[in-house]
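Here's the structure we're looking at; comments come further down.
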Amino acid sequence: MRLHGETRRLSMIPFRAAAVLLLVLFLAVSWEARPAQAAPLSLSSLSGLAGDEEDTAFSNEDWSENYSAEDLKYLACVIYCETEPLGYEARVALGNIVLNRVNSTTDWGHVNTIKDVIYDTKWCRQFDCTAPKKKLGGDTMMDRAFLIYETVSAGEEGSYQPWQINGMTGCIEVAKDVMCGKKAVPDSFVYCRGEKYFKTDIASCKETGRRYLIIEKHIYYEN
């Protein structure tokens with residue numbers, strides 16, 4: 001009886017070894033199939049982006065070659081609404097997001113102009129600054145920004161505060177820079193959200209292998 005038990009035990013060894021081998025192979029395949037874990041980009045890693053030449057060599061004088069005055073107005077105003085008072089890189093990145101959607105032929109193929117992108121509601125309202133606000137008497141932040149834009153464009157100050165005039169002046173220049181190729185994020189980046197979404201958006205990007213970049217109070221990431 002004992003000999004029979006030993007024989008049976010020994011006969012199970014090849015089976016167990018095969019089971020272990022199959023388990024190892026399964027785990028290896030499963031690991032390879034996982035999405036790549038996205039790492040956050042850094043501004044220094046984007047030094048090769050178009051428009052990253054020395055400031056003295058970069059010019060936005062030719063912005064009107066491919067864009068209209070209306071394009072400039074809408075881009076400058078959405079940058080003003082969404083990024084004021086953030087710094088230059090954050091403003092450029094927001095402008096890049098808008099133009100990346102304009103140029104997209106996939107998920108954003110239904111919007112072909114800067115205005116279309118800003119007021120797009122196919123899935124939901126894309127920019128909060130286009131929503132009517134009770135505290136603004138039913139106006140949107142964009143409506144108010146248009147008034148500042150017109151004042152600045154006329155070389156006036158009106159009744160606005162210096163920070164409003166300076167802010168819009170800077171956003172107009174940023175919009176021109178973006179139109180001339182200045183980049184703070186890659187062409188594949190089409191999303192921008194505020195810092196309250198950092199935790200969920202970073203987790204989502206890591207899970208799906210999408211690249212992302214945090215600039216000040218915004219997170220920018222791929223589709």
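Taking the conditions (1) of a type in the set (Ser, Thr, Tyr); (2) farther than 27 Å from Tyr67 by Cβ; (3) not in a loop (DSSP other than H, G, I, E, B) in turn, Tyr149 satisfies each one other than (2). Among the conditions (1) in contact (Cβ under 8 Å) with a residue 24 or more places away in the chain; (2) within 24 Å of Gly170 (Cβ to Cβ); (3) in a loop (DSSP other than H, G, I, E, B), the only one that Leu94 does not satisfy is (3). Summed over the stretch 170-223, the residues that are in contact (Cβ under 8 Å) with a residue 12 or more places away in the chain, out of contact with any Cys (no Cβ under 8 Å at 6 or more places or on another chain), hydrophobic (A, V, I, L, M, F, W, C) and not in a strand (DSSP E or B) give a count of 11. Apart from one condition, Glu84 fits all of (1) out of contact with any Phe, Trp or Tyr (no Cβ under 9 Å at 6 or more places or on another chain); (2) touching a residue at least 24 places away in the same chain (Cβ under 8 Å); (3) of a type in the set (Asp, Glu); the exception is (1).
Here, each number is a calculation from the coordinates, and none is a lab measurement. These numbers come from a predicted model, not from an experiment. Cβ coordinates were reconstructed from backbone atoms using ideal geometry, including for glycine residues, and neighbour counts include every protein chain displayed.
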